[in-house]
Amino acid sequence: MILDIISAVLILLGGVLSLAAAVGLLRFGDLLSRMHASAKPQVLGLLMVCVAIAIQYPAWSTVTTLAIIISFQLVTIPVATHMVGRAGYRTKHLRRSMLYRDELAEAVDRAEAREVAWERRKGIGTDPNDG
Amino acid sequence: MSKGRSFVQQLVLVFFLVVLWVMLWDSVSLMHIITGVILSFLVTRVFYLPPVVLSGRFNIIHAINYGLWFLYSLVIASVEVAWYAFRPRAVGAGSVIACDLRTSSDLLMTLVADTASLIPGSIIVDSDRASGVLYLHVLDSDSEEKVIAAKKLVYHIEELLIKALGSHRDLAALKITPDPLADEYGGAR
């Protein structure tokens with residue numbers, strides 16, 4: 001009985017967190033903020049649902065499968081968000097107004113300045129097709 | 001790296017692949033283990049990856065400490081991001097911050113990036129492997145204090161991971177710069 005209540009609460013909370021992910025996806029302002037919503041709250045949500053299932057079916061075969069599901073989720077989510085975030089940033093799908101500070105742009109500027117200085121020193125001249 | 005050590009690391013990798021295979025089949029039997037070993041050798045030969053350089057140091061107490069801290073921040077930060085989604089006020093501007101990590105190991109850099117990605121509120125945008133800099137996007141960080149707090153979090157993750165499985169060189173680097181923010185902000189913090 002108590003176990004049933006615990007797993008019901010866990011599933012409910014997991015569902016709410018997944019709903020939060022969906023709502024955030026709609027409401028957040030730009031691509032990078034939306035990446036947070038699509039990837040994050042439901043990691044904990046899925047974890048809760050898996051724990052609830054494990055409580056209901058406490059057998060080794062279930063628990064190992066759930067462990068695999070969680071570990072794959074933990075391993076793949078950073079890679080997926082990183083790839084989308086990086087592609088979005090590099091193709092300039094950003095809203096500058098949604099960025100308070102951008103230290104990556106500062107680093108890119110510095111690197112470009114170095115490159116221009118290097119080309120000037122070598123006497124190559126700037127590439128007309130650049131930037 | 002010596003040949004013997006990379007062979008041991010290969011064996012560790014194969015061992016974990018076999019465990020994964022047996023877990024997928026839900027039961028331990030000789031047949032599953034044999035097919036698992038064959039498949040693992042095939043997979044590690046066909047999809048060859050550069051060997052992961054382990055530091056050869058592992059502190060179980062600090063690892064447990066890291067695991068508990070990770071779960072705790074996962075819960076806190078998930079609730080926080082969920083609240084941003086549901087609250088009436090729209091989410092504020094974010095920031096892209098640069099974190100100059102003290103470690104130079106690929107494995108640790110990846111683990112720090114993964115942890116920062118999994119804890120809601122920050123995602124990795126880009127990384128500079130040569131100089132060990134991570135660029136992260138932080139949600140709702142539209143003031144100087146929030147930017148500094150986010151950087152503090154990343155450096156804290158790094159500190160926990162170095163203590164758990166960093167090399168002696170990383171530990172020394174940790175001792176030299178216990179507070180990287182102090183260098184950056186002229187000791188104001």
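Per-structure values
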quantity: Qualifying positions in region A:98-122 - more than 7 Å from chain B (Cβ to nearest Cβ) and not basic (Lys, Arg); calculated: A:ALA105, A:GLU106, A:VAL108, A:ASP109, A:ALA111, A:GLU112, A:ALA113, A:GLU115, A:VAL116, A:ALA117, A:TRP118, A:GLU119
quantity: The listed residue being facing another protein chain (nearest Cβ under 7 Å) and either touching a Pro at 6+ places or on another chain (Cβ under 9 Å) or under 29 Å from B:ILE123 (Cβ atoms) (or both), out of A:THR91, A:THR65, A:THR76; calculated: A:THR65
quantity: Residue match in region A:28-45 (condition: more than 7 Å from every other protein chain (Cβ to nearest Cβ), surrounded by fewer than 16 Cβ atoms within 10 Å (Cβ to Cβ) and assigned to a helix (DSSP H, G or I)); calculated: no
quantity: Leading residue by the ranking (nearest to B:VAL81 (Cα to Cα)) among those in region B:139-172 that are at pLDDT below 85, surrounded by 16 or more Cβ atoms within 10 Å (Cβ to Cβ) and hydroxyl-bearing (Ser, Thr, Tyr); calculated: B:SER141
quantity: Conditions (1) within 25 Å of A:ALA20 (Cα to Cα); (2) within 14 Å of chain A (Cβ to nearest Cβ); number of the one not met by B:LEU68; calculated: (2)
quantity: Residue count, region B:29-57 (criterion: assigned to a loop (DSSP other than H, G, I, E, B), without any contact (Cβ under 8 Å) to a residue 60 or more places away in the chain and surrounded by fewer than 12 Cβ atoms within 10 Å (Cβ to Cβ)); calculated: 5
quantity: Residue ID - surrounded by the fewest Cβ atoms within 10 Å (Cβ to Cβ), chosen from residues in region B:86-101 that are aliphatic (A, V, I, L, M) and at pLDDT below 85; calculated: B:ALA90
quantity: Residues of region A:79-109 that turn out to be touching a residue at least 12 places away in the same chain (Cβ under 8 Å) and in a loop (DSSP other than H, G, I, E, B), as a count; calculated: 3
quantity: Considering residues of region B:58-85 that are of a type in the set (Gly, Ala, Ser) and closer than 16 Å to B:ILE157 by Cα only, the residue surrounded by the most Cβ atoms within 10 Å (Cβ to Cβ); calculated: B:ALA77
quantity: Filter result for the condition that a residue is out of contact with any Pro (no Cβ under 6 Å at 6 or more places or on another chain), at the interface with chain A (Cβ under 8 Å from one of its Cβ atoms) and of a type in the set (D, E, K, R), over B:ASP100, B:ASP126, B:ASP114, B:ASP106; calculated: B:ASP126
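Residue-by-condition table, conditions (1) in the same structural domain as B:SER127 (by TED's automatic domain parsing); (2) polar (S, T, N, Q); (3) in contact with a strand residue (DSSP E or B) (Cβ under 6 Å, 6 or more places away or on another chain); (4) closer than 30 Å to A:GLY85 by Cβ:
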| residue | (1), (2), (3), (4) |
| --- | --- |
| B:VAL28 | no, no, no, no |
| B:ILE64 | yes, no, no, no |
| B:PHE70 | yes, no, no, yes |
| B:CYS99 | yes, no, yes, yes |
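The values are calculated or read from the model by the stated rules, or taken from the named source; none is laboratory data. What you are looking at is a predicted structure, and each value in this text was computed from that prediction instead of being measured. Glycine gets a Cβ as well: all are built from the backbone with ideal geometry, and neighbour counts include every protein chain shown.
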